[in-house]
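Q: Mind looking over this structure? Questions follow.
The values are calculated or read from the model by the stated rules, or taken from the named source; none is laboratory data. Fair warning: this is a prediction, and the values are worked out from it, not measured in the lab. Note that we place each Cβ from the backbone using ideal geometry, even for glycine, and neighbour counts take in every protein chain shown. SASA here: full protein model, heavy atoms, side chains in, ligands and nucleic acids out. Shrake-Rupley method; radii C 1.70, N 1.55, O 1.52, S 1.80 Å.
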Amino acid sequence: MSTHTLDHSLRRLWALDKFGYSLRVLIALTGSMVLCWWLGAMQWLIPLFLGIIASALAETDDSWQGRLRALLVTLGCFAVAALSVELLFPYPWLFVVALALSSFALTLLGALGERYASIASATLILAIYSMLGVDQRTGAPLGDGLGLGLDLWREPLLLVAGAAWYGVLSVLWQGLFVNQPVQHGLARLYRELGRYLALKAALFEPLRQLDVEARRLALAQQNGRVVAALNGAKELILHRVGNGRPGPKVGRYLKLYFLAQDIHERASSSHSPYQALAEAFFHSDVLFRCQRLLRLHGQACEHLAQAIELRQPFAYQAQYREALDDLQDALQHLRIQSNPAWRGLLRALDALADNLGNLDRLLSDASNPDALAEAQDSSLLDRAPRSLKDSLERLRLQLTPTSLLFRHALRLAIALAAGYGVLHWVHPTQGYWILLTTVFVCQPNYGATRLKLLQRIAGTLLGLLIGWALFDLFPHPLLQSLIAVVAGVAFFATRATRYTLASAAITVMVLFCFNQVGDGFGLIWPRLFDTLAGSLIAGLAVLLILPDWQGRRLHLQLANTLSCNGQYLRQILQQYRDGKRDDLAYRLARRNAHNADAGLSNTLANMLMEPGHLGKAADTGFRFLVLSHTLLSYLSALGAHRGEALPAAAASGALSDAALQLAESLEQIAQHLAQAQPVAIYSEAEEQLAQQLEQLPDDMEERQRLVQSGLALVCRQLAPLRTLAAHVLKAPATLTTP
């Protein structure tokens with residue numbers, strides 16, 4: 001193998017998203033295993049491994065200073081949780097009350113942000129790990145009032161030591177490779193943008209029988225993944241910028257992030273209904289030219305993602321420019337034919353070609369992001385609480401049954417208390433695994449819980465079968481210890497994307513760890529029973545305790561989508577008055593509109609997994625998603641063509657009044673949806689406005705024409721949106737206030 005090939009292979013391995021995470025876990029587990037073998041203290045292995053797992057679950061992205069602060073808080077929470085279990089374990093009634101209250105409080109901490117949610121969840125998991133250790137150490141019937149003995153300190157110390165060992169590795173890694181997560185985040189973002197552009201290109205297929213609605217639905221769902229990647233990349237950069245000025249490397253990544261925002265706005269733009277374009281230019285190759293250019297742009301985003309991951313230069317290829325020139329030639333050929341029926345559509349194609357040309361320029365700029373001008377406003381919105389007062393206020397707002405987080409916290413607390421009662425009633429072997437399964441399976445909504453429940457059970461069955469086979473194949477203790485380490489690494493490498501495999505891996509790890517100090521074969525049936533029992537409790541809790549049926553919240557999600565689109569339109573109008581300026585207010589309105597679109601897509605996906613009639617409204621919801629995403633694409637087109645301010649007469653006259661009227665209509669429909677009030681299906685004022693906006697004299701200034709035609713497209717979306725909104729409110733499942 002040549003040096004170049006080896007270097008490229010190593011770069012690709014290093015670029016894997018989970019490589020660093022998996023390597024840290026591998027070092028931590030291997031180090032603990034070697035220590036226990038060397039000292040001849042294999043009884044330490046299980047608590048050390050469990051401490052490492054809990055610490056890795058609590059890990060979130062941050063600078064090394066932030067990670068160090070988070071680690072100290074995490075270790076403090078772990079120590080308190082482990083000692084509390086030791087002290088309260090002999091007193092069942094006191095223990096179950098503390099378990100319910102602590103699980104409720106820890107879950108509510110998720111209101112403060114992802115970092116706090118991860119630490120709180122890991123603390124609860126470590127507390128259950130402590131229960132496993134105490135129960136195993138006493139070897140006595142549950143709740144028989146045994147004294148704490150001399151081992152009060154040992155289990156908490158080992159658990160916290162394992163957590164601290166992994167935490168030190170994490171802090172060192174963050175210090176040495178501070179920007180690696182940003183590279184992964186940006187690469188993921190550009191990869192999702194590439195897929196979005198590929199799906200957008202599919203809309204330009206000039207077929208009369210093309211199922212445009214199905215392709216728009218796929219595009220809307222992919223948009224949700226792009227938005228999630230944008231939000232993730234922003235948080236990664238924000239953790240490194242903070243309140244200060246970014247350094248050269250982070251500044252480069254920040255420019256790439258803003259570039260991705262611009263690409264997304266232009267990629268999500270629509271300038272005319274695609275059916276009309278396909279019908280008019282069916283015998284021309286112009287739509288194929290548009291399709292080819294969009295596909296090339298999608299490939300360019302994929303190549304840029306790979307270049308960022310491998311830390312290699314991105315080469316802007318000449319074929320992109322050639323494809324753009326071919327499109328311009330095709331347009332010129334259509335202009336020469338001077339078909340009067342094409343006049344309006346040709347202007348739409350001109351705007352589309354202009355947008356594609358700017359998209360091409362943005363991708364060209366990505367080959368040298370350091371040369372890009374600094375953004376006028378490079379501030380990023382930090383949603384983390386700013387003070388103790390802010391934190392307490394956020395928690396106070398969650399203390400209501402209408403809060404989804406409150407419902408989940410209450411549900412989890414009751415489920416754990418019920419699980420504790422079951423294990424005292426049945427007295428199963430390793431009964432605290434019931435609680436552990438309940439924590440992992442119980443999710444905030446029915447759809448997610450159902451999916452996790454099936455994956456957990458299937459993964460556990462698979463892991464038990466694999467473990468049973470490997471026990472016979474590899475009876476040597478050293479080989480079994482290596483299998484335990486590999487299984488632990490596999491759990492963390494797959495837990496976010498392939499939870500069934502992750503469940504199988506953690507089951508294998510548990511079996512082989514216990515086999516180091518006892519009989520792993522004897523755990524197979526208890527593990528299966530406890531998984532089934534814990535999953536059943538979690539499923540019943542989500543089904544019966546303040547269930548969060550997405551169908552009953554659909555009208556609220558639709559209202560939020562339209563309201564955010566209205567605010568986005570207001571910000572676009574402000575840009576046309578003052579001139580293009582990507583300030584925080586505009587970027588926030590744009591991001592909120594796309595977040596709402598993505599949130600609606602996620603809500604509908606969860607509705608499909610809900611039982612009975614509650615999922616029937618999803619059909620209407622998906623049609624609404626197609627319409628709202630089309631509306632958002634028209635707004636994005638208006639945003640993409642911002643530039644110098646429009647003349648004062650246009651920006652403050654009829655166009656301004658029309659844009660404000662459209663924004664008010666969107667917000668009015670949203671208000672009626674949110675309050676479950678009837679929505680008028682037809683509006684005479686909106687019909688008149690649409691006809692007025694569609695009057696485009698030949699002598700109209702081109703930019704004004706573009707804005708007015710874009711507003712006309714937005715206006716034409718209101719009638720079908722009103723119809724579907726009224727239909728949603730008539731469905732019984734959507735009228736229940738959560």
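Q: Could you tell me whether Leu203 is of a type in the set (A, V, I, L, M, F, W, C) and within 21 Å of the chain's Cα centre (by Cα)?
A: For Leu203, the condition - of a type in the set (A, V, I, L, M, F, W, C) and within 21 Å of the chain's Cα centre (by Cα) - is not met.
Q: Hey, does region 285-302 have a residue that's within 26 Å of Gly20 (Cα to Cα) and either open to solvent by 30 Å² or more (accessible area, probe 1.4 Å) or part of a helix (DSSP H, G or I) (or both)?
A: yes
Q: Here is a further query. Does any residue of region 259-269 turn out to be surrounded by 19 or more Cβ atoms within 10 Å (Cβ to Cβ) and outside any helix (DSSP H, G or I)?
A: Among the residues of region 259-269, at least one is surrounded by 19 or more Cβ atoms within 10 Å (Cβ to Cβ) and outside any helix (DSSP H, G or I), which makes the answer yes.
Q: In addition: Would it be correct to say that Asn355 is out of contact with any His (no Cβ under 9 Å at 6 or more places or on another chain) and at negative phi?
A: So Asn355 fails the test.
Q: Please go through region 316-336 and pick out each residue that is surrounded by 18 or more Cβ atoms within 10 Å (Cβ to Cβ) and among the small types (Gly, Ala, Ser).
A: Correct list: Ala323, Ala330.
Q: Among the candidates Gln708, Gln675, Gln695, Gln671, which residue alone is in contact (Cβ under 8 Å) with a residue 12 or more places away in the chain and open to solvent by 40 Å² or more (accessible area, probe 1.4 Å)?
A: Gln671
Q: Shifting gears a bit: Would you tally the residues in region 711-725 being open to solvent by 10 Å² or more (accessible area, probe 1.4 Å) and in contact (Cβ under 8 Å) with a residue 60 or more places away in the chain?
A: Within region 711-725, residues that are open to solvent by 10 Å² or more (accessible area, probe 1.4 Å) and in contact (Cβ under 8 Å) with a residue 60 or more places away in the chain number 4.
Q: Could you list, in sequence order, all residues of region 175-207 that are polar (S, T, N, Q) and part of a helix (DSSP H, G or I)?
A: Selection gives Gln180, Gln183.
Results for (1) closer than 30 Å to Cys442 by Cα; (2) open to solvent by 10 Å² or more (accessible area, probe 1.4 Å); (3) in contact (Cβ under 8 Å) with a residue 24 or more places away in the chain; (4) not small (Gly, Ala, Ser), shown as yes or no for each residue.
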| residue | (1), (2), (3), (4) |
| --- | --- |
| Leu511 | yes, no, yes, yes |
| Ile524 | yes, yes, yes, yes |
| Ile545 | yes, yes, yes, yes |
| Leu554 | yes, no, yes, yes |
| Ser563 | no, yes, yes, no |
| Asp597 | yes, no, yes, yes |
| Met609 | yes, yes, yes, yes |
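Q: Same structure, new question: Mind checking which residues of region 25-49 are β-branched (Val, Ile, Thr), under 16 Å from Leu478 (Cβ atoms) and open to solvent by 60 Å² or more (accessible area, probe 1.4 Å)?
A: Selection gives Val34 alone.
Q: Mind listing just one residue for me: the one in region 307-328 that is aromatic (Phe, Trp, Tyr) and not in a helix (DSSP H, G or I) and, of those, modelled with the highest pLDDT?
A: Among residues in region 307-328 that are aromatic (Phe, Trp, Tyr) and not in a helix (DSSP H, G or I), the one modelled with the highest pLDDT is Phe314.
Q: Can you find, within region 611-627, the residue that is nearest to Tyr576 (Cα to Cα) among those that are at pLDDT 85 or above, surrounded by fewer than 24 Cβ atoms within 10 Å (Cβ to Cβ) and not charged (D, E, K, R)?
A: Leu627
Q: Which condition number in (1) more than 21 Å from Val679 (Cβ to Cβ); (2) open to solvent by 10 Å² or more (accessible area, probe 1.4 Å); (3) at pLDDT 85 or above is the one that Ser652 fails?
A: The one condition Ser652 does not meet is (3).
Q: Please identify the pairs in which a residue from region 219-232 that is under 16 Å from Ala198 (Cα atoms) has its Cβ atom under 6 Å from the Cβ atom of a residue that is of a type in the set (Lys, Arg), counting only partners at least 6 apart or on another chain.
A: Listed by first residue and then by second, the contacts come to Gln222/Arg195.
For every residue, the table says whether it meets (1) in a helix (DSSP H, G or I); (2) more than 16 Å from Trp173 (Cα to Cα); (3) open to solvent by less than 50 Å² (accessible area, probe 1.4 Å); (4) in contact with a Lys or Arg (Cβ under 6 Å, 6 or more places away or on another chain).
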site	(1), (2), (3), (4)
Thr60	no, no, yes, yes
Arg67	yes, no, yes, no
Glu86	yes, yes, yes, no
Leu94	yes, yes, no, no
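Q: Checking Leu101 against (1) open to solvent by 20 Å² or more (accessible area, probe 1.4 Å); (2) at pLDDT below 90: exactly one of these is not met. Which one?
A: Against the list (1) open to solvent by 20 Å² or more (accessible area, probe 1.4 Å); (2) at pLDDT below 90, Leu101 comes up short only on (2).
Q: Restricting attention to region 425-462, which residues are modelled with pLDDT under 90, among the small types (Gly, Ala, Ser) and closer than 29 Å to Leu604 by Cα?
A: Hits for region 425-462 are Gly447, Ala448.
Q: Here's something else I'd like to know. Determine whether region 305-313 contains at least one residue that is free of Cβ contacts under 8 Å to residues at least 24 places away in the same chain and within 27 Å of the chain's Cα centre (by Cα).
A: Looking through region 305-313, at least one residue is free of Cβ contacts under 8 Å to residues at least 24 places away in the same chain and within 27 Å of the chain's Cα centre (by Cα).
Q: Is it fair to say Gly167 is assigned to a helix (DSSP H, G or I) and either modelled with pLDDT of 85 or more or among the basic types (Lys, Arg) (or both)?
A: yes
Q: Then there's this: Scan region 48-68 and report the pairs whose first residue is more than 16 Å from Tyr116 (Cβ to Cβ) and whose second residue is not in a helix (DSSP H, G or I), with Cβ atoms within less than 9 Å and a gap of 6+ or a chain change.
A: Between residues of region 48-68 that are more than 16 Å from Tyr116 (Cβ to Cβ) and residues that are not in a helix (DSSP H, G or I), the close pairs are Ser63/Val178; Ser63/Gly242; Trp64/Val178; Leu68/Asp62.
Q: Tell me whether region 226-248 contains one or more residues that are modelled with pLDDT under 85, in a helix (DSSP H, G or I) and more than 20 Å from Arg383 (Cα to Cα).
A: Among the residues of region 226-248, at least one is modelled with pLDDT under 85, in a helix (DSSP H, G or I) and more than 20 Å from Arg383 (Cα to Cα), which makes the answer yes.
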